[in-house]
Amino acid sequence: MTVQRQRLLIDGASVPTFAAHARLHHDRAGQRWVVLAPERMFVLDEAAVEVLQRIDGRRSVASLSAELADSFGAPQAEVETDVIGLLQELADKMVITA
């Protein structure tokens, strides 16, 4: 019997946090930010780092997006769409929970 995991859907009200087995890490040797998880490593671009450094398990995606939009002078709706896309991808890989 195969047990299927129900997909976690990320939206503006979601409060993201890293899964217990995953963490944001600065790889000094490679001079890059990565997410480490058992037997996996995800190399991040600058935009992903900006998002993931703000995850604290208390603020919603909408709140994080508003902060990023303000910091970078970008439309909040566009930023939120991008943030949801990133976090959904990481949630599908079981690195982010909400």
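Just so it is clear, none of the values below were taken in a lab; they were calculated from the coordinates. Being a predicted model, the structure only gives us computed values, none of them experimental. Because the Cβ atoms are built from the backbone with ideal geometry, glycine has one as well, and the counts that use them run over all protein chains shown.
Per-structure values
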quantity	calculated
Compactness index (Cα Rg / 2.2 N^0.38 Å), the chain	1.10
Computed Kirkwood radius, in angstrom, where 1/r is averaged over Cα pairs of the range 1-47	13.2 Å
Qualifying GluC sites (Glu not before Pro) for the range 37-68 [loop in DSSP, other Cβ within 10 Å: at most 15]	39
Charge context of residue 22, other residues only, Cβ under 11 angstrom, K/R +1, D/E -1	+3
DSSP-loop trypsin sites (Lys or Arg not before Pro) across the chain, with at most 14 other Cβ within 10 angstrom	5, 7, 28, 58, 93
Charge-dipole axis of the chain as Lys and Arg at +1 and Asp and Glu at -1 on Cβ define it, positive-most pick from 83, 47, 6	6
Proxy reagent accessibility, fewest Cβ within 10 Å first, across 41, 94	41, 94
The range 64-98-the range 21-43 distance, computed between alpha-carbon centres (Å)	19 Å
Mean Cα-pair separation over length for the chain, i.e. relative contact order, pairs under 8 Å, 6 or more apart, %	38 percent
